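The next block holds one structure in the form of structure tokens; read it before the comments.
What follows draws every value from the coordinates through simple rules; no lab data is involved. Predicted model only: the values in this text are computed from it and were never measured. Positions of Cβ are generated from backbone atoms using ideal geometry, with glycine treated the same way; all protein chains shown enter the neighbour counts.
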Amino acid sequence: GENVEQHPSTLSVQEGDSAVIKCTYSDSASNYFPWYKQELGKRPQLIIDIRSNVGEKKDQRIAVTLNKTAKHFSLHITETQPEDSAVYFCAATTGFQKLVFGTGTRLLVSP
Amino acid sequence: NAGVTQTPKFQVLKTGQSMTLQCAQDMNHEYMSWYRQDPGMGLRLIHYSVGAGITDQGEVPNGYNVSRSTTEDFPLRLLSAAPSQTSVYFCASRMASLGYTFGSGTRLTVV
């Protein structure tokens with residue numbers, strides 16, 4: 001079955017810096033890769049996703065890249081703000097099976 | 001459109017007691033899942049369903065049962081609660097090839 005590894009487990013940046021979180025997956029059949037943001041005490045919320053037929057997707061300060069050959073995908077946050085502080089999860093699925101999550105990255109943005 | 005509704009929000013059980021965590025969605029989503037979230041361990045899949053009448057085990061199914069008699073409802077049953085089942089439980093639903101919408105979670109403590 002699918003296995004998703006996520007790094008780093010914690011990431012501290014200064015406000016305005018960029019942050020990058022990386023994930024690798026094991027199942028080459030996986031074709032859908034969402035990213036979730038979870039604030040303290042809240043539910044995970046979808047922030048961006050990418051499909052296997054696309055190499056990069058952007059939404060304002062957030063972008064995701066996918067390298068199918070290497071089986072890894074990354075979340076890029078530019079011009080970080082204190083409100084970006086949260087735990088971020090990556091996930092992978094073939095679309096018709098279970099969605100498997102990484103173990104999360106705690107991002108701390110200091111003013 | 002209420003999304004994914006979980007009840008209760010908080011619960012304290014004694015070891016050996018049984019209970020059912022309720023989950024309902026009004027988005028006509030095919031896929032529903034139950035995850036548990038423990039500190040440092042991310043979201044671990046307990047059971048999932050790809051449609052009414054169809055369920056399957058996830059990563060950590062022991063001690064839990066599920067059923068899916070309707071598209072809308074996906075209850076999670078704890079058969080005989082143990083302290084190791086103290087966790088935050090999230091129900092989620094999605095359409096195929098899309099990201100999950102999560103419920104607000106149930107914080108369960110087993111004493």
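Just a few scattered comments:
- Between the amide H of A:ASP27 and those of A:ASN3, distances stay under 5 Å, these residues lying 5 or more places away or on another chain, with hydrogens modeled in the peptide plane.
- Computed on chain B, with alpha-carbon pairs under 8 angstrom and 6+ residues apart, the relative contact order is 36 percent.
- Dipole orientation for chain A: of the candidates A:ALA29, A:PRO111, A:VAL87, A:ALA29 has the Cα lying most toward the positive pole (charges on Cβ; Lys, Arg +1; Asp, Glu -1).
- Cα-only Debye scattering, region B:42-111: base-10 log of I(q)/I(0) at q = 0.14, 0.17, 0.28 Å⁻¹: -0.44, -0.66, -1.58
- Electrostatic dipole magnitude of the protein assembly as shown [Cβ: Lys, Arg +1; Asp, Glu -1; Cα centre; debye, to 20]: 360 debye
- Summing Cβ point charges (Lys, Arg +1; Asp, Glu -1) relative to the Cα centre of chain B gives a dipole of roughly 340 debye.
- Here the contact order of chain A, divided by its residue count and restricted to Cα pairs under 8 Å and six or more residues apart, works out to 37 percent.
- Per-residue mean of C-beta atoms belonging to partner chains within 10 Å, peptide B:100-109: 3
- Were the residues from B:ARG107 through B:THR5 laid out at 0.36 nm apart, the gain over their Cα-Cα distance would be 35.3 nm.
- Once both labels are positioned 7 Å from their Cα atoms along Cα-to-Cβ, the gap between A:ASP59 and A:GLU39 label points is 1.6 nm.
- Beta bridges by DSSP in the protein assembly as shown, antiparallel share as percent, to the nearest 5: 90 percent
- Put simply, the amide H of A:ILE50, placed in the peptide plane, has neighbours under 5 Å in A:PHE33, leaving out anything fewer than 5 places away on its chain.
- Nitroxide proxy distance, nm - points 7 Å out along Cα→Cβ at A:SER28 and B:SER80: 4.6 nm
- Sequence-distant contacts, meaning Cα pairs under 8 Å at least 6 residues apart, place the relative contact order of region A:3-66 at 22 percent.
- Inter-chain neighbour count for B:31-44: the average number of beta-carbon atoms from partner chains within 10 Å of each residue's beta-carbon is 4.
- Tensor-based shape of region A:32-103 (alpha-carbon gyration tensor, a/c under 1.5 rounded, otherwise prolate or oblate): oblate
- Inter-chain Cβ neighbour average for residues A:34-44, partner chain, 10 Å: 4
- Lys pairs, the protein assembly as shown - Cα-Cα below 17 angstrom, 8 or more residues apart or on other chains: 10
- Tail weight of P(r) past 22 Å, computed on alpha-carbon pairs of the protein assembly as shown, percent: 51 percent
- Extending 7 Å from the Cα toward the beta-carbon at both A:ARG51 and B:THR20 defines two label points whose distance is 3.8 nm.
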